[in-house]
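Shown next, in structure tokens, is the structure this report addresses.
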Amino acid sequence: MNIQIIDRHLGIRQHQRNHIDRCLQFAFDRFSTHVNDIDISLADVNGPKGGEDVQCRIRISLHGTGELIVEGKGSTVEAVVAETADRAALAVSRRIDRLRNVQGTSMSGQ
């Protein structure tokens, strides 16, 4: 599972990159056999005005089932990454579960 962090004019520091990497590893580690790549793009959407100005876009490339894109906005890099990663992990779980149900096997293995 390859993770690429794309900084769009936010000036993400190394400790933030480490936090992003840990957060994504934690959220997607259980899906490592299904996930090829994760690209996370972070941008400052409205400059120094304040408010919810950090936009996060996570693109997950899955083995044989295409890709998922989940977006979120927040006031800090750490908060928006954590929230968007949680939502993206849920979307991956649903996609995998749907595929297993179509193939006749649920996530519980029955």
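The values are calculated or read from the model by the stated rules, or taken from the named source; none is laboratory data. A quick note: this is a predicted structure, and the numbers were derived from the prediction, not measured. Because the Cβ atoms are built from the backbone with ideal geometry, glycine has one as well, and the counts that use them run over all protein chains shown.
For first residues located in region 46-59 and closer than 20 Å to Ala82 by Cα and at pLDDT 75 or above, partners that are surrounded by 13 or more Cβ atoms within 10 Å (Cβ to Cβ) and basic (Lys, Arg) and lie 6+ apart or on another chain with Cβ distances below 9 Å form the pairs Asp53/Lys73; Val54/Lys73; Gln55/Lys73; Cys56/Lys73; Ile58/Arg87. In this structure, Ile38 qualifies as in a strand (DSSP E or B) and either acidic (Asp, Glu) or surrounded by 15 or more Cβ atoms within 10 Å (Cβ to Cβ) (or both).
Residues that are out of contact with any strand residue (DSSP E or B) (no Cβ under 7 Å at 6 or more places or on another chain) and aromatic (Phe, Trp, Tyr) were ranked within region 24-46; the one that is nearest to Gly72 (Cα to Cα) is Phe26.
For region 1-23, give me each residue that is in contact (Cβ under 8 Å) with a residue 40 or more places away in the chain and under 10 Å from Val77 (Cα atoms).
First, pick out the residues of region 1-23 that are in contact (Cβ under 8 Å) with a residue 40 or more places away in the chain: 10, 12, 16, 19-20, 23.
Result: Leu10, Ile12, Gln16, His19, Ile20.
Looking only at residues that are surrounded by fewer than 20 Cβ atoms within 10 Å (Cβ to Cβ) and under 15 Å from the mean Cα position of the chain (by Cα) in region 53-65, which one is farthest from His34 (Cα to Cα)? For region 53-65, the residue satisfying everything is Gln55.
Does Arg87 satisfy being in a helix (DSSP H, G or I) and either among the hydroxyl-bearing types (Ser, Thr, Tyr) or at pLDDT below 95 (or both)? So Arg87 does not fit the description; no. Can you confirm whether Ala82 is under 10 Å from the mean Cα position of the chain (by Cα) and under 17 Å from Arg17 (Cβ atoms)? In short, yes.
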